[in-house]
Each structure stands twice: as C-alpha cells, then as structure tokens.
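Student: First the structure, which I've put down as structure tokens, then a few questions once you've had a look.
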Amino acid sequence: MPMSKHEIEELMRLIGLTKDSEINCEQCLALVAEFAEQELAGRSIHDGLEAVEHHLSICPECREEYEALQRALGEMEDEADK
Amino acid sequence: MRRDNDNWIADLSRDGPKLDGALSDLRKTLVRNLHKALSNHSHVDDSFVEDVVQDSLVRILDRLEQFAGRSQFLTWATTIAIRIAMTDLRRQRWRDVSLDQVVSDADFRPERAVDNNLGPDEQIERKTILDTMQAVIQTELTEKQRTALLAEMKGMPQDEIARHLGSNRNAVYKLTHDARKKLKHGLEAAGYLAEDIQAAFAN
C-alpha cells in the first residue's frame with residue numbers, strides 16, 4: 001500500500017528534525033534513566049541529555065519505552081511520598 | 001531492605017546470601033514496576049511479567065559494569081526490563097507479518113500529501129519538496145535504506161525490521177538515520193532547509 005498522507009507528513013517531520021549526529025537506541029537506553037529522573041524532578045535538561053530528548057522525538061520505540069518508564073516512575077514517586 | 005546505588009552494585013557483585021537477597025529484592029521491584037509500566041497493555045499477565053523479569057535479571061547482571069551511577073539503580077534496571085518487555089510484545093504483535101508484506105507496494109507517492117485545502121503557492125511548494133524527495137529516494141538511497149525507511153514509516157518496529165534483515169535495532173536505526181540525512185541534504189541542495197520543510201508541512 002502506498003504511504004498515506006499522514007505517513008508522508010510524519011516522514012517530513014522526521015527529516016526536519018534530522019541531525020548529522022544522533023545517538024542510537026542503545027545509547028539512549030544508557031542515558032534515559034537519568035533523563036527521566038531529571039524530567040520528573042522538573043530540572044532543566046543539561047547538554048549531555050539533549051541528545052536523549054532529540055532521540056525520543058525521532059524514535060517511536062524508545063518513546064514508547066520512555067512513556068512506560070514514566071508510568072512506573074510516577075507511581076514509584078507516589079509510593080515514596082506515602 | 002533499602003539500598004543506595006553502591007550497595008546495590010556491591011551486593012549484586014557478590015556470591016552467597018547478599019547476592020540472593022539483592023536479586024530477590026530486585027525481582028520484586030521489577031515485577032511491581034513492570035506491572036505499572038505495562039498497565040496500558042491489557043493482555044499482559046503475571047506469567048509474561050515473571051518471564052521478562054527473569055530475562056531482565058540476567059541482562060542486568062551482565063551489564064552491571066555499565067551502570068554509571070547517573071540515576072537511581074532501580075530506575076536504570078527498570079529501563080532494561082521495559083526494553084525487554086516491549087521488544088517481546090512487539091515481536092508477538094508482528095510475528096505473522098513479513099517485511100515483504102509491509103514494503104511491497106509501499107512506495108512514496110508525492111500526490112498523496114498534496115493538500116487541496118491549501119492555497120496555490122503552498123500547494124506548489126509542497127509538491128516541489130515532495131518531488132525532490134521522491135527523486136532522492138529513488139537515486140540516493142540504497143535498497144536497504146529504502147526498505148528500512150519505508151517499513152518504519154509503515155509502523156513496523158525496528159526490532160522486527162532487524163529480525164527480517166538479520167541485523168539489530170542499532171543497525172536499523174543507522175540505516176534510517178542515513179536515509180533521513182540523505183533526504184535532508186538532498187532537499188537542502190534544492191534550496192529547502194529544515195525550517196522550510198517544517199513550515200510547508202505544518203498544516
């Protein structure tokens with residue numbers, strides 16, 4: 001089936017975001033725990049973690065895994081507050 | 001027992017009761033965290049979670065030296081368990097779908113993304129960008145880059161693309177990244193910068 005309008009527009013979005021140097025999924029995995037804790041604490045993202053933020057905007061699988069981590073971390077924090 | 005990062009690493013690096021205790025505590029935490037993380041997957045059951053946690057404990061012990069202490073140990077361990085779980089779930093969802101099925105006929109037709117609701121100038125700009133992109137896809141991308149990019153845009157997970165190509169997720173990411181770079185540079189050579197592309201397709 002040919003690519004749909006939505007799929008073509010998503011490809012254009014990705015091309016617009018593409019950088020010459022990007023981290024891959026394994027490198028993202030090594031850094032995403034720190035990134036998630038920074039975000040959860042409301043701290044600004046430092047330079048070393050901007051690559052994670054960018055990778056999550058490009059990679060649907062890592063984004064899905066990050067959202068799952070956020071669910072777990074959110075509840076971990078709720079439990080710690082009790 | 002509450003442990004800080006150093007205690008986790010120390011206990012998991014030992015033999016005997018300390019290791020057993022740490023593994024038992026880690027197992028319980030991962031089971032609890034995975035249930036929360038996968039709460040939007042209705043068909044995930046206890047047996048699936050137990051299997052994933054078992055695999056995760058092995059992977060975590062293998063990678064213990066890679067833990068740099070930049071986050072809580074349990075957060076890091078949970079990211080590994082989530083990756084194993086999600087990879088497994090994607091494999092189950094896509095196990096009967098071949099790469100050929102996904103990419104056969106999956107070509108890029110610029111006319112599909114021309115929006116008749118736009119003004120004539122915007123339509124022309126969109127069409128020019130898309131025609132340029134089609135030319136780059138046909139002339140600059142390798143067969144593998146084209147296949148990986150098309151499959152990904154059709155929603156096939158990278159792990160699954162990798163499985164069919166006899167490769168791995170990082171290699172597939174490199175294929176699609178290289179494809180995107182070629183497309184971006186091709187568009188830049190035709191005078192379209194990233195901001196032009198985003199503006200033309202913002203609607």
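The values are calculated or read from the model by the stated rules, or taken from the named source; none is laboratory data. Here the structure is a predicted model, which is why all the values come from computation and not from measurement. Positions of Cβ are backbone-derived with ideal geometry, glycine not excepted, and every protein chain shown enters the neighbour counts.
Student: For residue B:202, all conditions in the list (1) among the hydrophobic types (A, V, I, L, M, F, W, C); (2) within 22 Å of residue A:23 (Cβ to Cβ); (3) outside any helix (DSSP H, G or I) hold save one; what is the number of the exception?
Tutor: Status for residue B:202: all satisfied but (2).
Student: Count, please, the residues in the range B:23-46 that happen to be more than 13 Å from residue B:86 (Cα to Cα), in a helix (DSSP H, G or I) and among the small types (Gly, Ala, Ser).
Tutor: Going through the range B:23-46 one residue at a time, the tally reaches 1.
Student: Same structure, new question: Can you name the residue in the range B:22-45 that is in contact with a Lys or Arg (Cβ under 8 Å, 6 or more places away or on another chain) and of a type outside the set (A, V, I, L, M) and is also surrounded by the most Cβ atoms within 10 Å (Cβ to Cβ) among such residues?
Tutor: B:36
Student: Quick check on this structure: which one of B:131, B:121, B:96, B:88 is more than 9 Å from every other protein chain (Cβ to nearest Cβ), loosely packed, with under 15 Cβ neighbours inside 10 Å and at pLDDT 90 or above?
Tutor: B:96
Student: Report, by residue number, each residue of the range B:46-59 that is buried (at least 17 other Cβ atoms within 10 Å of the Cβ) and under 20 Å from the mean Cα position of the chain (by Cα).
Tutor: Within the range B:46-59, B:52, B:56 qualify.
Student: Taking the range A:1-46, which residues are over 28 Å from residue B:202 (Cβ atoms), more than 7 Å from chain B (Cβ to nearest Cβ) and not aliphatic (A, V, I, L, M)?
Tutor: A:27, A:38, A:42, A:43, A:46 - these are the residues of the range A:1-46 that are over 28 Å from residue B:202 (Cβ atoms), more than 7 Å from chain B (Cβ to nearest Cβ) and not aliphatic (A, V, I, L, M).
Student: Okay, moving on. Go over the candidates B:202, B:171, B:148 one by one and state the one that is of a type outside the set (Lys, Arg) and at pLDDT below 85.
Tutor: Result: B:202 is the single residue among B:202, B:171, B:148 that is of a type outside the set (Lys, Arg) and at pLDDT below 85.
Student: Tally the residues that are at pLDDT 95 or above and polar (S, T, N, Q), restricting the search to the range A:39-79.
Tutor: Final tally of qualifying residues: 2.
Student: Is it the case that some residue within the range A:10-17 is touching a Ser or Thr at 6+ places or on another chain (Cβ under 9 Å), of a type in the set (A, V, I, L, M, F, W, C) and at pLDDT below 95?
Tutor: Among the residues of the range A:10-17, at least one is touching a Ser or Thr at 6+ places or on another chain (Cβ under 9 Å), of a type in the set (A, V, I, L, M, F, W, C) and at pLDDT below 95, which makes the answer yes.
Student: Would the range B:71-82 turn up any residue that is in a helix (DSSP H, G or I) and surrounded by fewer than 16 Cβ atoms within 10 Å (Cβ to Cβ)?
Tutor: Among the residues of the range B:71-82, not one is in a helix (DSSP H, G or I) and surrounded by fewer than 16 Cβ atoms within 10 Å (Cβ to Cβ), which makes the answer no.
Student: Looking at (1) part of a loop (DSSP other than H, G, I, E, B); (2) closer than 27 Å to residue A:62 by Cα; (3) in contact with an Asp or Glu (Cβ under 9 Å, 6 or more places away or on another chain), which one does residue B:3 not meet, given that it meets all the others?
Tutor: It fails just one condition, (2).
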